[in-house]
1. I'd like to check something: does segment 97-105 contain any residue that is surrounded by fewer than 22 Cβ atoms within 10 Å (Cβ to Cβ), under 14 Å from the mean Cα position of the chain (by Cα) and outside any loop (DSSP other than H, G, I, E, B)?
2. If a residue counts only when it is under 20 Å from Ser308 (Cα atoms) and touching a residue at least 40 places away in the same chain (Cβ under 8 Å), which helices (runs of 4 or more DSSP H) contained entirely in segment 189-272 have at least 1 such residues?
3. Name the residue that is surrounded by the most Cβ atoms within 10 Å (Cβ to Cβ), counting only residues in segment 264-278 that are closer than 21 Å to Val225 by Cα and not hydrophobic (A, V, I, L, M, F, W, C).
4. Specify which of the listed residues (Asp46, Asp56) is among the acidic types (Asp, Glu), surrounded by fewer than 23 Cβ atoms within 10 Å (Cβ to Cβ) and assigned to a helix (DSSP H, G or I).
5. List every residue pair whose Cβ atoms lie under 9 Å apart, where the two residues are 6 or more positions apart in sequence or sit on different chains, the first residue falls within segment 131-152 and is farther than 13 Å from Pro176 by Cβ and touching a residue at least 12 places away in the same chain (Cβ under 8 Å), and the second residue, located anywhere, is among the small types (Gly, Ala, Ser) and not in a helix (DSSP H, G or I).
6. Given (1) over 17 Å from the mean Cα position of the chain (by Cα); (2) part of a helix (DSSP H, G or I); (3) closer than 26 Å to His117 by Cβ; (4) not β-branched (Val, Ile, Thr), identify the lone condition not met by Asn19.
7. Using the structure shown, decide if Ser111 is among the polar types (S, T, N, Q) and in a loop (DSSP other than H, G, I, E, B).
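What follows draws every value from the coordinates through simple rules; no lab data is involved. This one's a predicted model, so the numbers in the text were calculated from it and none came from an experiment. All Cβ positions, glycine included, derive from the backbone under ideal geometry; neighbour counts span all protein chains shown.
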Amino acid sequence: MRLVSHPVLCNYYVTYRCNATCSFCDIWERPSPYVTVENARQNLRDLKRLGVKVVDFTGGEPLLHRQLDELLREAKALGMITTVTTNGLLYPKYAHKLRGLIDMLHLSLDSPHRDEHDLSRGVKCFDKVMESIEVARGFGERPDIIFTVFESNVHQIRQVWEKVCIPNNLVLILNPVFEYNTVGGNLSKEALSELVHWGKQKNVYLNEAFVQLRLDGGNHTEAPVCKAGSTTLVISPENKLVLPCYHLGLKEHSIEGNLHDLYLSEEVQKLVALEGRLPACEGCAINCYMQPSFAVEINKYWWKALPSTLKYNRIKGTWKQMIRF
């Protein structure tokens, strides 16, 4: 049974540029402009008209955008929940400008060991993550630690939890690696079982539906769980609507100041109707599109996702904003 028929999330790529070269991502290889505040202002208004509740200002590295605070302020003025994920390199420099504007601030950390984390990111950023935690807490912020889980680092979850998250009262978000365009990877059943164990611990968030989906072999085109097209709008730095998702990116439409009507147009809705059914969708388990997909339709994945969703919203208090919206 479908609970929500309108889009709930926007992945707003403020730039594809990045100051890291992560081995499990290829976005930093793409040339890119930066979104303009003028375009974003109109798009955010249209996003609200379409029913979007959460705007993820993403990249690349979103803090490379010098006007990120203005983008966040526009979204907050419309009552939207904002989220930003950063490698931490620039956060200490711009934290004062971003104070109070990010509802869900995620700091990426994939190892408790400096050299290992820096190697996976292709740049020395471990110390900046540690500094970012202190700076954020000093401003009254409560960032999350987002830990991308690989077969090679699943055994390090305990150390990050004990040494970083518990002492600072931070939520540890476990983000299972996914594969796309020959980058990324997969996890064994043993690693997935370890994730389920950790998801039940204090201050740890794991969407257990991610695990179930992987055990089921990912999305299947004959009975798709993916609702990327109808739940998530993807906007590129070139001010284009990307369909059916960023990672597949079959079609891009210039927005030209009218995102609302563009999204509801016959051409776009025809492609939305194919969500999860295209050949490239077979086996897909990309977290950023599955998370909203699990939330809008009651099925076994909805039930699997529910406990962790309630847990995170209780800890962070974001449920209050959802109700107000």
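1. The answer is yes; a qualifying residue exists.
2. Once the helices (runs of 4 or more DSSP H) in segment 189-272 are filtered for at least 1 residues that are under 20 Å from Ser308 (Cα atoms) and touching a residue at least 40 places away in the same chain (Cβ under 8 Å), what remains is 189-199, 208-215, 228-231.
3. Gly276
4. On the way: Asp56 fails: assigned to a helix (DSSP H, G or I).
Answer to the check: Asp46.
5. Listed pairs, sorted by first residue: Glu131/Gly88; Ser132/Gly88; Ile133/Gly88; Phe139/Gly100; Gly140/Gly100; Glu141/Gly100; Ile145/Ser108.
6. Answer for Asn19: the failing condition is (2).
7. Values: among the polar types (S, T, N, Q): yes; in a loop (DSSP other than H, G, I, E, B): yes.
In short, yes.
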